[in-house]
Amino acid sequence: MHRPGHFFCAATVGPSVIQTYAAVPQTVVWCYRGGSISAEPRINDRIRVPEVRLVGPSGEQVGIVPLAKALELAQEYDLDLVEVAANARPPVCKLMDYGKFKYESAMKAREARKNQAHTVIKEMKLRPKIDPHDYDTKKGHVVRFLKQGDKVKITIMFRGREQSRPELGYRLLQRLAEDVQDLGFVESNPKQDGRNMIMVLGPHKKKTEAMAEAREAQAARKADAKANPGRSQNAADVPVEESAEAPAEA
């Protein structure tokens, strides 16, 4: 007779069949159905193995010792016993200050995220018959994006009869590429895409280099503002990266 919370299992031994019931706690079933599992290593009395391969506080190899001995050494050194390689046989454990280890790991991860370079593609839209003032404004945005180490997608938008004059867009893209050649290069040559013509400019500087220079410049501005407190609001508070893009020309 099947009872709730139990499952039926059968094992064949020769001609006979042994039938048994095994109780399965509901919490265990829940875990296998998607319960969260902690990613943190086991420490101290949470380690449940008879023996471990122990590494000392300075990285020296102590050898394979019983778990009780490893916990005793951890108490003597006033440190934690941390399982650093659970899949090894026997598991590898190290004596360390686990709280300090977690803090330093968090700081390293934060610094890595801070210096991480994300590939960003900005977009600038122009019309083939753009006037000189608007062109200079758009070019200024392109220059700023390239200085930040970002790629820039230049889109020429054709309307009406302008679509029969693709050479106008091509010449404009060539002009822009020449004007910013000190900061970037043509990564993708101009090509027609429906009513638009597209070109992609890549920066000469790497993103990480541009971010480092921007942080240094920002620090210099803040130092200058601190040395001259009588000044009004200045560029010291401008963030390292500006995410706003110029609106497309109507």
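On the basis of being in a helix (DSSP H, G or I) and of a type outside the set (Gly, Ala, Ser), does Glu187 make the cut? Answer is no for this residue.
The set of residues in the stretch 112-142 that are surrounded by 10 or more Cβ atoms within 10 Å (Cβ to Cβ) and of a type in the set (Lys, Arg) comprises Lys122, Lys125, Arg127, Lys129, Lys138, Lys139. In the stretch 100-111 there is no residue that is acidic (Asp, Glu), surrounded by 13 or more Cβ atoms within 10 Å (Cβ to Cβ) and not assigned by TED's automatic domain parsing to the domain that holds Arg175. Lys139 passes all but one of (1) outside any helix (DSSP H, G or I); (2) without any contact (Cβ under 8 Å) to a residue 60 or more places away in the chain; (3) touching a helix residue (DSSP H, G or I) at 6+ places or on another chain (Cβ under 7 Å); which number fails? Condition not satisfied by Lys139: (1). For the stretch 152-175, filtering for residues that are in contact with a Phe, Trp or Tyr (Cβ under 9 Å, 6 or more places away or on another chain) and within 11 Å of Met124 (Cβ to Cβ) leaves 2. Only one entry of Arg231, Arg215 meets the criterion of being modelled with pLDDT under 80 and part of a helix (DSSP H, G or I), and that entry is Arg215.
Rundown of residues vs (1) modelled with pLDDT under 90; (2) more than 13 Å from Leu173 (Cα to Cα), yes/no style:
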site	(1), (2)
Arg113	yes, yes
His118	yes, yes
Lys122	no, yes
Leu126	no, no
Asp131	no, yes
Asp134	no, yes
Gly140	no, yes
Thr155	no, no
Gly160	yes, yes
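All of (1) outside any strand (DSSP E or B); (2) surrounded by fewer than 17 Cβ atoms within 10 Å (Cβ to Cβ) hold for Phe145 with one exception: (2).
The values are calculated or read from the model by the stated rules, or taken from the named source; none is laboratory data. The structure displayed is predicted, hence computed values, not measured ones. Every residue, glycine as well, gets a Cβ built from its backbone with ideal geometry; the counts of neighbours run over all protein chains shown.
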